[in-house]
Every structure is written in structure tokens, then in C-alpha cells.
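Scroll down for the structure; my scribbles are underneath it.
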Amino acid sequence: MNAIVVGCGRVGAQLATLLSEAGHNVSVIDHYPEAFQQLGRAFDGQTLKGVGYDEDILAEAGAEDCDVLAAVTNNDNTNLMTAEVARRIFGVEHVIARLFDTKREKTYTQLGIDYSCGTSLVTEDIFTKIQSRHGHHVDSFGDFELLHFTLNLPDGKSVPCGEFEQTHDMRVVSYEHDDQSYLPGDASVLADGDFVLGCIARDRLDDLAPYMKG
């Protein structure tokens, strides 16, 4: 897998080293070249001086063939801009942005941007997201994935929650409709655009993918 890590602070350096140790091709971007000194001895990738939303820098880092980009600087705006340039200009399918302001979580979800929020265990969280190879990952339990996604239904239709679960062999843990959160019941109905927290076997992810926005 080809990965780009933008930001080589504590989190970025640890993440880049973990990815390199796992055998992935890693490029690290940071505005301050001295930051690269934090990379572990096991790091076996390339480093580039610059900002992550610079198209030329991203191209040099290999964004055109990139599988995943993680923007983990200490600035939310920089991370968001980097993620959007990677997605829209280079077509990177999986981008992850570190997020400090929790008030922006719903905005990131609506934009379809995977993110990691908080200051503890951020490196491990992003590393797990990258290993899952999709942008809706919340957690893993053996062969199962816990996902948070915006529901994509054809023509804006609705579907009974139980029918949706049976069709995709999954369980809806909770869902949000019109800014109200619900636990599913016998009469629950899911609508296009609802936020869904669900659990599904990893080998059924491809079947569910068309119903997840972003």
C-alpha cells in the first residue's frame, strides 16, 4: 500500500514508522525538515519539506498512486485543506484527517472525510483506520467492523430498518435522523441521508459500499 503522512509531529512520526514497519510505502511531508528527526529507525520511506495542500508537493510524494493519505498536523484547517486537495485533485479514495475541534465532527462526516478526534491513542486509531482500507471504520471485533456512515438510498427512498439489516446481513446499532438519535425498533425506518452506526462482517463490506456516501 502507498501511504502519505502529512505532519511529522509525535503522531505523524509514530504513524509513519508503524506503516513502514508494516511493509507499506510511506512518504512524509512536513514544513519543518527538523521534524523528520522524530521518525523511528525502522522508517524506510521518503521525506519531503513542504505543506500538505501544495499540489506539487503531493505529486512529488506520489499522490497519483496513493491508497491512503493521513493529514495529522496540529491545525484543523490545514488537515481539512490537505484532505480535500488529495480527494478532489488526485482522487485519493481514503483520506483521514486529525481533528481537534469536536464541533466539526458532523461536518466531516457529511463531507465524507474520515477523521480521528482527540489526543489519546490517535496514532493507533489512524493506523487501524488505514489497515481497514475504508473511510467508515470505527472499530474492529474479530471478523466484524463497526462503521459510521451516511446512508445512500436510491432516489431518496426510505427502507424499514429490519429489511435493510436482513438484506445486508448486518446490525444497525443506532441511527440519526433530523438531528435526533434513535435505537432501532420494530417500526424503525431508515431514510436517505441518515447517519448510521452499524456492525457488519468484514467480508460483506463490498456489498454495503454502494449504500454508504463518501
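The values are calculated or read from the model by the stated rules, or taken from the named source; none is laboratory data. Keep in mind it's a predicted model, so treat the numbers as computed, not measured. Quick reminder, even Gly has a Cβ in these numbers, built from the backbone with ideal geometry, and neighbours come from all protein chains shown. All accessible areas refer to the heavy atoms of the entire protein, side chains included, with ligands and DNA or RNA removed. Shrake-Rupley method; radii C 1.70, N 1.55, O 1.52, S 1.80 Å.
Points worth noting:
- Which numbered condition Arg41 misses (of (1) open to solvent by 40 Å² or more (accessible area, probe 1.4 Å); (2) within 14 Å of the chain's Cα centre (by Cα)): (2)
- Some residue of segment 16-25 being of a type in the set (Val, Ile, Thr), free of Cβ contacts under 8 Å to residues at least 60 places away in the same chain and touching an Asp or Glu at 6+ places or on another chain (Cβ under 6 Å): no
- Some residue of segment 62-78 being in a helix (DSSP H, G or I), buried (at least 19 other Cβ atoms within 10 Å of the Cβ) and in contact with a Lys or Arg (Cβ under 8 Å, 6 or more places away or on another chain): no
- Among the residues of segment 81-101, those identified as open to solvent by 20 Å² or more (accessible area, probe 1.4 Å) and either within 17 Å of Ala59 (Cα to Cα) or touching a strand residue (DSSP E or B) at 6+ places or on another chain (Cβ under 6 Å) (or both) are Met81, Glu84, Val85, Arg87, Arg88, Ile89, Phe90, Gly91, Glu93, Arg98.
- Against the numbered list (1) open to solvent by 10 Å² or more (accessible area, probe 1.4 Å); (2) more than 19 Å from Ile113 (Cα to Cα); (3) out of contact with any His (no Cβ under 6 Å at 6 or more places or on another chain); (4) not hydroxyl-bearing (Ser, Thr, Tyr), Ala13 comes up short only at (1).
- For segment 142-176, a residue qualifies if it is over 20 Å from Asp203 (Cβ atoms), among the acidic types (Asp, Glu) and surrounded by fewer than 16 Cβ atoms within 10 Å (Cβ to Cβ), and the qualifying residues are Asp155, Glu163.
- Some residue of segment 42-53 being in contact with an Asp or Glu (Cβ under 7 Å, 6 or more places away or on another chain), without any contact (Cβ under 8 Å) to a residue 24 or more places away in the chain, within 22 Å of Tyr115 (Cα to Cα) and in a strand (DSSP E or B): no
- Ala22 vs. criteria within 23 Å of the chain's Cα centre (by Cα) and open to solvent by less than 30 Å² (accessible area, probe 1.4 Å): no
- Of residues in segment 196-214 being of a type in the set (D, E, K, R) and assigned to a helix (DSSP H, G or I), the one least open to solvent (accessible area, probe 1.4 Å): Arg204
- All positions within segment 23-35 that are under 24 Å from Leu99 (Cβ atoms) and either hydrophobic (A, V, I, L, M, F, W, C) or in a helix (DSSP H, G or I) (or both): Val26, Val28, Ile29, Ala35
- Scanning segment 177-194 for residues that are surrounded by fewer than 18 Cβ atoms within 10 Å (Cβ to Cβ) and in a strand (DSSP E or B) yields His177, Gln180, Ser181, Tyr182, Val189, Ala191.
- Enumeration of residues in segment 64-81 that are of a type outside the set (A, V, I, L, M, F, W, C) and either closer than 13 Å to Tyr108 by Cβ or under 13 Å from the mean Cα position of the chain (by Cα) (or both): Asp67, Asp76, Asn77, Asn79
- Residue within segment 85-95 that is modelled with pLDDT of 65 or more, outside any strand (DSSP E or B) and more than 22 Å from Tyr53 (Cβ to Cβ) present: no
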